[in-house]
Amino acid sequence: LEQQLLQARKMEAVGQLAGGVAHDFNNLLQVIIGHGEMMADERTMPRNLHDNLEQLLNAAQRAAGLVRQLLAFSRRQVLEMQDLDLNTVIGECLKMARRVIGEMITVVPVYGHNLATIRADRNQLEQILLNLLINARDAMPNGGTITVETENVLIDESYRQQHPYARTGRYVLLSVIDTGYGMDEETRNRVFEPFFTTKGLGRGTGLGLATVYGLVRQHDGLIHVYSELEKGTSFKIYLPAVERSAAAVGDKIQGAVVGG
Ligand code: ADP
């Protein structure tokens, strides 16, 4: 429990720091890009200089993209909360993501029946799901299956004692399960850390799951990761149901000790 609180505080501090730096850095980048683009419009510029300038602008644009991600991660964005059916959001998101996921991977949605309504920001939900789908894809270079599952769950007192943020009551559980290469213990312990990546320079930013973590927390939700090398990984996200009291028939009770 202490460990989790410490982790949360660390995330908060890094987020604030990164946000402050990113904001100033972004202003400077905009100056570079703005002046660079004006120079690139100069017709009289020799060809080789122009090529160099293009390189410079490309790099600056990429840096700006990174900074945008950082800002998205650290900024307490204003949420546009509305009552949503998670199944509907998933259905639309999977359609959008089909191309990104590629042909080699089968996506299996398992929609829970009579799913409780959640109050959430639709764009952020899509961002959460997309990040998890892309990570799952990256973990399965030779193809595999991604299962996206929803269900109603009830969190009871014994579960709550393991998870400082959980409140007893009804949640909707979103699971994203892949059959990819999984993670070793060190990776699993660090996945939510900003800038932690095993994907190598230029491929990963290490901000995907840090962003997901932040978004889930903004929704008063919980996120857990379970993973085994060579077997696969599952992410479980609990989002509070709108009608939180009185268990509906069919809610699965989450009282067992949960690790991972
Ligand atoms: P990035 O994808 O840019 O590396 P993330 O924060 O999204 O950043 O992920 C951090 C790291 O967590 C990844 O580099 C990878 O090692 C690990 N990871 C995330 N999702 C999975 C997954 N589904 N299977 C295996 N490893 C994963």
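Testing ALA166 on (1) within 29 Å of THR88 (Cα to Cα); (2) within 11 Å of the ligand (Cβ to nearest atom), one condition comes back false. Which one is that?
With respect to (1) within 29 Å of THR88 (Cα to Cα); (2) within 11 Å of the ligand (Cβ to nearest atom), ALA166 is out only on (2).
Got a number for residues in region 87-141 being within 16 Å of the ligand (Cβ to nearest atom), in contact with a Phe, Trp or Tyr (Cβ under 7 Å, 6 or more places away or on another chain) and part of a helix (DSSP H, G or I)?
The qualifying residues number 1.
Limited to region 214-242, what total is found for residues that are within 9 Å of the ligand (Cβ to nearest atom) and either touching a residue at least 60 places away in the same chain (Cβ under 8 Å) or among the polar types (S, T, N, Q) (or both)?
5
Of everything in region 187-232, what is within 22 Å of ARG62 (Cα to Cα) and either of a type in the set (Ser, Thr, Tyr) or at pLDDT 95 or above (or both)? Give them in sequence order. Give the steps one after another, and end with the answer.
Going residue by residue through region 187-232, those that are within 22 Å of ARG62 (Cα to Cα) are 193-212.
THR197, THR198, THR205, THR211 - these are the residues of region 187-232 that are within 22 Å of ARG62 (Cα to Cα) and either of a type in the set (Ser, Thr, Tyr) or at pLDDT 95 or above (or both).
Of everything in region 144-162 that's surrounded by fewer than 17 Cβ atoms within 10 Å (Cβ to Cβ) and over 25 Å from GLU126 (Cα atoms), which residue is nearest to the ligand (Cβ to nearest atom)?
Looking at residues that are surrounded by fewer than 17 Cβ atoms within 10 Å (Cβ to Cβ) and over 25 Å from GLU126 (Cα atoms), I get GLN162.
Tell me, yes or no, whether region 171-183 has at least one residue that is within 12 Å of the ligand (Cβ to nearest atom) and charged (D, E, K, R).
The answer is yes, given that some residue of region 171-183 is within 12 Å of the ligand (Cβ to nearest atom) and charged (D, E, K, R).
Residue-wise test of (1) farther than 24 Å from LEU79 by Cα; (2) among the aliphatic types (A, V, I, L, M); (3) assigned to a loop (DSSP other than H, G, I, E, B).
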{"residue": "ILE146", "(1), (2), (3)": "yes, yes, no"}
{"residue": "GLU149", "(1), (2), (3)": "yes, no, no"}
{"residue": "PRO194", "(1), (2), (3)": "no, no, yes"}
{"residue": "GLY200", "(1), (2), (3)": "yes, no, yes"}
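Evaluate region 120-143: report whether one residue or more is farther than 27 Å from ARG99 by Cα, of a type in the set (Lys, Arg) and surrounded by fewer than 17 Cβ atoms within 10 Å (Cβ to Cβ).
No, region 120-143 contains no residue that is farther than 27 Å from ARG99 by Cα, of a type in the set (Lys, Arg) and surrounded by fewer than 17 Cβ atoms within 10 Å (Cβ to Cβ).
As an exercise: evaluate SER227 against (1) closer than 24 Å to GLY19 by Cβ; (2) in contact with a helix residue (DSSP H, G or I) (Cβ under 6 Å, 6 or more places away or on another chain); (3) buried (at least 21 other Cβ atoms within 10 Å of the Cβ) and give the number of the one condition it does not meet.
Result: SER227 passes all but (1).
Would it be correct to say that VAL191 is free of Cβ contacts under 8 Å to residues at least 40 places away in the same chain, under 20 Å from GLN218 (Cα atoms) and within 19 Å of the chain's Cα centre (by Cα)?
Yes, satisfied.
Looking at region 67-78 only, could you name the residues that are loosely packed, with under 15 Cβ neighbours inside 10 Å and either assigned to a helix (DSSP H, G or I) or modelled with pLDDT of 80 or more (or both)?
Across region 67-78, the qualifying residue is only ARG68.
The values are calculated or read from the model by the stated rules, or taken from the named source; none is laboratory data. Remember, predicted model here, so these are calculated numbers, not experimental data. Virtual Cβ from ideal backbone geometry, glycine too; neighbours counted across all protein chains shown.
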